[in-house]
1. Taking the Cα centre of the stretch 176-257 as origin and charging only Cβ (+1 Lys, Arg; -1 Asp, Glu), how large is the dipole, in debye to the nearest 20?
2. Would you mind counting up the charge near VAL154? Only other residues with Cβ under 14 Å from its Cβ, with Lys and Arg at +1 and Asp and Glu at -1.
3. From the convex hull of the Cα coordinates of the stretch 69-123, what is the mean projected area in square nanometres?
4. What shape does the stretch 50-169 have by the C-alpha gyration tensor, where a ≥ b ≥ c are the square roots of the eigenvalues, rounded means a/c under 1.5, and otherwise prolate means a/b greater than b/c and oblate the rest?
5. Rounded, prolate or oblate for the stretch 107-237? Axes are the square roots of the Cα gyration tensor eigenvalues, ordered a ≥ b ≥ c, and the cut-off for rounded is a/c under 1.5.
6. Counting Lys and Arg as +1 and Asp and Glu as -1, what is the net charge of the other residues whose Cβ lies under 15 Å from the Cβ of GLY244?
7. With point charges of +1 on the Cβ of Lys and Arg and -1 on the Cβ of Asp and Glu, referenced to the Cα centre of the chain, which listed residue (SER55, GLY34, GLY256) lies farthest in the positive direction of the dipole?
8. Residues of the chain: accessible area per residue at 1.4 Å, in Å²?
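The values are calculated or read from the model by the stated rules, or taken from the named source; none is laboratory data. Computed from a predicted model, the values in this text were never measured in an experiment. Methodologically, a virtual Cβ is constructed for each residue, glycine included, from the backbone with ideal geometry; neighbour enumeration extends over all protein chains shown. We work out accessible area using only protein heavy atoms, side chains counted, and drop any ligands, DNA or RNA first. Shrake-Rupley method; radii C 1.70, N 1.55, O 1.52, S 1.80 Å.
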Amino acid sequence: MRLSRFAALSSSLLLAAGAALFGAGQAAAQADFGYVALGDSYSSGVGAGNYDSGSGNCKRTTRAYPALWAAAHSPQTFSFTACSGARTGDVLANQLAPLNSGTDLVSITVGGNDAGFSDVMTTCVLQSESTCVSRVNQAKAYVDSTLPGQLDQVYNAIDSRSPGAHVVVLGYPRFYKLNGTCTTGLTEGERAAINGAADYLNTAIAKRAANHGFTFASVAGAFTGHEICSGSAWLHSVNWLNIGESYHPTAAGQSGGYLPVFTNAA
């Protein structure tokens, strides 16, 4: 596992401050820090609102954890290319340009769309429990057979462009509190199957991240007690008036869930 470059930055800042007293500029240059945020809607901030109109369909927002972290830590450069709906191929094709040898920190969420997240949720909401479970199992089979190679391509590309960067791969939350406050909607069997699929996906992503020397940061614990049906949800349930925000973190989920997990891992 690579040493956190942000931790190293803290030491550099102290050195720079001391060196400034002696008129040395070289140590100050060590404080330069570049952060690049890649990934899908969980990184762009879909569900948190206040979208940057300039980001178009990518729906990036200052309420997303990458922007919140950058605002709090003031990296010298911050490039935010995460995009709603992104799959691994989209990251490779459209998001990697800001990466270079001077990049110190990279964050990414990706893999859920490749595994068919949207179709799984649509199937489970609209069809029977048995059909839902079958579709979940189909997604898990994809995670076993195909997703690891796709993740490897993305991780290899990041490492090739920014070999010195500290890379934090964040996972996805469990969506439902079982035996919670919900009295309508999905069955408990469907909710359990969906939660199990999230765990299955996270396990696969964590393994590929570790194999590349990247840091995997689980958000499951941070969202415990704030799932749908918890009474204090940090995730949108199905929203027929704004279907794209369904099953995505709210602004509170970004600031209270993803941000502290990323901060600890960075």
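1. Value, rounded to 20: 220 debye.
2. After counting each charged neighbour, the total is -2.
3. Reported value for the Cα convex hull: 4.7 nm².
4. Note, shape of the stretch 50-169 comes out oblate.
5. It comes out oblate by the Cα gyration axes.
6. It works out to a net charge of -1.
7. Farthest towards the positive pole: GLY34.
8. 43 Å²
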